[in-house]
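Data first, discussion second: the structure below is written as structure tokens.
The values are calculated or read from the model by the stated rules, or taken from the named source; none is laboratory data. The structure displayed is predicted, hence computed values, not measured ones. Positions of Cβ are generated from backbone atoms using ideal geometry, with glycine treated the same way; all protein chains shown enter the neighbour counts. The accessibility values were calculated without ligands, DNA or RNA, using every heavy atom of the protein model including side chains. Shrake-Rupley method; radii C 1.70, N 1.55, O 1.52, S 1.80 Å.
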Amino acid sequence: MLKYLRLFLTPFSVAICTVALFLCSCATFTEPSSQVTVQQLKDAHLAFIKQHTCVEGKPATWDQASFDKEVAKITQQFTDAEAAVSKTVPARKEFIKNSANLFRRDAALIQKQHCLSPSFAANKEKQLQQNYDLLLHQPPT
């Protein structure tokens, strides 16, 4: 019995067990990282809406360069997230693509009006919250 135990504890067998454990853990960590990415997109999109909501009905001072930089940064987040999603999860990839299109429409509206009315922004935030939460609370496929 002791002879077999010594064979099992050789450096080669320990290395194989370590690699097997690592490979199994990769599958476990993939899904939560995707959830974190979607949560970050949700936070960025909602913060963008809040930042560009009119305060007391008056738009804030408009800075086109700052606005363009912010839109480019968030758009890049959507692009990176879409590229990172596995092709085995087409629904998540489609959701991120649709959310990116929605963000671009929101950005175009804000650029045109320079701010959103508080009631429109509240409704928009509620809608976005529901959309993102549906995906985030969906069981993994």
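Numbers below:
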{"quantity": "Top-ranked residue of segment 88-105 - restricted to ones that are surrounded by fewer than 20 Cβ atoms within 10 Å (Cβ to Cβ) and either among the hydroxyl-bearing types (Ser, Thr, Tyr) or in contact with a Phe, Trp or Tyr (Cβ under 7 Å, 6 or more places away or on another chain) (or both), ranked as farthest from His52 (Cα to Cα)", "calculated": "Thr88"}
{"quantity": "Qualifying residues in segment 85-101 (those that are over 21 Å from Ala47 (Cβ atoms) and part of a helix (DSSP H, G or I)) - the one modelled with the highest pLDDT", "calculated": "Glu94"}
{"quantity": "Test: residue in segment 121-141 that is in a loop (DSSP other than H, G, I, E, B), more than 29 Å from Asp63 (Cα to Cα) and either open to solvent by less than 40 Å² (accessible area, probe 1.4 Å) or of a type in the set (Ser, Thr, Tyr) (or both)", "calculated": "yes"}
